[in-house]
1. Take L52 and tell me if it is open to solvent by 40 Å² or more (accessible area, probe 1.4 Å) and within 12 Å of the chain's Cα centre (by Cα).
2. One residue is enough: does the range 94-115 have a residue meeting the conditions touching a Ser or Thr at 6+ places or on another chain (Cβ under 7 Å), more than 26 Å from M177 (Cβ to Cβ) and of a type in the set (G, A, S)?
3. Within the range 112-155, which residues are hydroxyl-bearing (S, T, Y) and either within 16 Å of the chain's Cα centre (by Cα) or surrounded by 12 or more Cβ atoms within 10 Å (Cβ to Cβ) (or both)?
4. Determine whether L64 is farther than 21 Å from R32 by Cβ, part of a helix (DSSP H, G or I) and either free of Cβ contacts under 8 Å to residues at least 12 places away in the same chain or hydrophobic (A, V, I, L, M, F, W, C) (or both).
5. Is it fair to say A148 is modelled with pLDDT of 85 or more and either assigned to a helix (DSSP H, G or I) or over 21 Å from H31 (Cβ atoms) (or both)?
6. Every residue in the range 119-134 that is without any contact (Cβ under 8 Å) to a residue 60 or more places away in the chain and either aliphatic (A, V, I, L, M) or more than 16 Å from R32 (Cβ to Cβ) (or both), please.
7. Do you know which residues across the range 15-49 are open to solvent by 60 Å² or more (accessible area, probe 1.4 Å), without any contact (Cβ under 8 Å) to a residue 12 or more places away in the chain and part of a helix (DSSP H, G or I)?
8. So, in the range 1-48, how many residues would count as being within 28 Å of P117 (Cβ to Cβ) and of a type in the set (A, V, I, L, M, F, W, C)?
Amino acid sequence: MQNTLLPLMLQCAMWSLMAIGGNTVALGDIHRYTVTDMRWVSDAQFVAFFALSQALPGPNGMFLVFIGQQVAGVPGALVALVAKLLPCSALTWFGAGWLEKHSATPWVQLTKRALLPVSIGLILAASYILISSLEQSHLSLLLTGASALIVFFTRLNAIWLIGAGVALGLLSASLGMHGF
């Protein structure tokens, strides 16, 4: 367990600094490291931990605590929690004053504009990783794509699509179908 806590702490601290404003931008690297490289969790566990952290109140990066607990029990969860919260909180605390003071400078404005497409690309990559980690059938991929298009092009609240997905899943399970 000791051999696991240090790499867990260092990685969570790095992701914390990389993902100010949300871990979604770091999701691809988190998946690569925890699922592919270290094999600490499976694809299904990763998606379940991420979904659970989105459903619970608090920072969305708390799925790292679930991964830490899976890897090294309670000590792993505590290490992941501290390593997730401390670096980004310290950077935010010290950087907020500087940014407020210099927010009108051309360099800060240019940096903000340059980071926007990078963030969008990282979020799209994270979406691809989550979908490819979970979706196994063509029907499931079709429903995911249709749901994304409906949310993007209409004002329909996503909770209705989630409810429809739950109903379809329950219906297919009760009929003995495993298409979803």
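The values are calculated or read from the model by the stated rules, or taken from the named source; none is laboratory data. Model, not experiment: these values are computed from the prediction. Counting neighbours? That spans all protein chains shown, and the Cβs are built from the backbone with ideal geometry, glycine included. Note: areas computed on protein heavy atoms with side chains; ligands, DNA, RNA excluded. Shrake-Rupley method; radii C 1.70, N 1.55, O 1.52, S 1.80 Å.
1. Against the criterion (open to solvent by 40 Å² or more (accessible area, probe 1.4 Å) and within 12 Å of the chain's Cα centre (by Cα)), L52 qualifies.
2. no
3. S119, S127, Y128, S132, S133, S140, T144, S147
4. Against the criterion (farther than 21 Å from R32 by Cβ, part of a helix (DSSP H, G or I) and either free of Cβ contacts under 8 Å to residues at least 12 places away in the same chain or hydrophobic (A, V, I, L, M, F, W, C) (or both)), L64 does not qualify.
5. Here the answer is yes, as A148 does meet what is asked.
6. I120, L124, I131 - these are the residues of the range 119-134 that are without any contact (Cβ under 8 Å) to a residue 60 or more places away in the chain and either aliphatic (A, V, I, L, M) or more than 16 Å from R32 (Cβ to Cβ) (or both).
7. M18, R32, T36, D37
8. Result for the range 1-48: 15.
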